[in-house]
1. Applying the selection to the stretch 16-66, what residues are outside any strand (DSSP E or B), surrounded by 11 or more Cβ atoms within 10 Å (Cβ to Cβ) and at pLDDT 80 or above?
2. Where the second residue is modelled with pLDDT of 75 or more and part of a loop (DSSP other than H, G, I, E, B) and the first is more than 15 Å from residue 70 (Cα to Cα) and lies in the stretch 120-141, which pairs have Cβ atoms under 8 Å and are six or more apart or on separate chains?
3. Given 166, 159, 143, which one is more than 30 Å from residue 27 (Cα to Cα), surrounded by 11 or more Cβ atoms within 10 Å (Cβ to Cβ), modelled with pLDDT under 65 and in contact with a strand residue (DSSP E or B) (Cβ under 7 Å, 6 or more places away or on another chain)?
4. Give the stretch 104-122 a look and list any residue that's surrounded by 10 or more Cβ atoms within 10 Å (Cβ to Cβ) and within 18 Å of residue 74 (Cα to Cα), or say none.
5. Considering only the stretch 1-56, state which residues are closer than 30 Å to residue 89 by Cα and free of Cβ contacts under 8 Å to residues at least 40 places away in the same chain.
6. Which numbered condition trips up residue 84, out of (1) surrounded by 12 or more Cβ atoms within 10 Å (Cβ to Cβ); (2) under 26 Å from residue 21 (Cα atoms)?
7. Given the options 134, 105, 79, name the one that is over 23 Å from residue 40 (Cβ atoms), modelled with pLDDT of 95 or more and in contact with a strand residue (DSSP E or B) (Cβ under 7 Å, 6 or more places away or on another chain).
8. Does residue 70 satisfy the condition of being at pLDDT below 95 and either in contact with a helix residue (DSSP H, G or I) (Cβ under 7 Å, 6 or more places away or on another chain) or over 26 Å from residue 18 (Cα atoms) (or both)?
């Protein structure tokens, strides 16, 4: 379903502007406590959650990247805590103890895992490493022909830089 003239769009016949919301939620609290005139303490806690959408591919887009069949959703979360305990012994001597800890979790899940399942899509090959991963590979437009060569789906195809060297190539 082309929607643009390839001559006017650098050879591309389909262009889509992808705009989406990336809602997040953040909570920050801080407690300051004066233990004495010379000793002060503060404790700070921060919680952040968001759902980051990757509609094309994970984290970045290559210039030739083919959109993945389902978006990848980053259900991100971070927790951080920090504390400071300061004691002034005299006008020229003080001591400060500082503590900080952060936990960040970036679990990525598929919007619809059945759209990228080799089993659900009846894809017979298991991949180069036979690692039992059910997910189809992500690919760019240039890799589509390489994938076809590797699986033997196109006969009489010759492409340099791949494992497929069958048949004559144009221009040789």
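The values are calculated or read from the model by the stated rules, or taken from the named source; none is laboratory data. Fair warning: this is a prediction, and the values are worked out from it, not measured in the lab. Neighbour counts are summed over all protein chains in view; Cβ atoms, including those assigned to glycine, are modelled from backbone coordinates with ideal geometry.
1. Within the stretch 16-66, 35, 38 qualify.
2. If the second residue must be modelled with pLDDT of 75 or more and part of a loop (DSSP other than H, G, I, E, B), the pairs left are 123/136; 125/118; 126/118; 126/132; 127/133.
3. Values: 159 fails: in contact with a strand residue (DSSP E or B) (Cβ under 7 Å, 6 or more places away or on another chain); 143 fails: in contact with a strand residue (DSSP E or B) (Cβ under 7 Å, 6 or more places away or on another chain).
Of 166, 159, 143, the one residue that is more than 30 Å from residue 27 (Cα to Cα), surrounded by 11 or more Cβ atoms within 10 Å (Cβ to Cβ), modelled with pLDDT under 65 and in contact with a strand residue (DSSP E or B) (Cβ under 7 Å, 6 or more places away or on another chain) is 166.
4. 104, 105, 106, 108, 109, 110, 111, 112, 113, 114, 115, 116
5. Residues satisfying the conditions are 29, 30, 31, 32, 33, 34, 35, 36, 37, 44, 45.
6. For residue 84, the failing item is (2).
7. After ruling out the rest, the residue left standing is 79.
8. Considered against the rule, which asks whether it is at pLDDT below 95 and either in contact with a helix residue (DSSP H, G or I) (Cβ under 7 Å, 6 or more places away or on another chain) or over 26 Å from residue 18 (Cα atoms) (or both), residue 70 comes out as yes.
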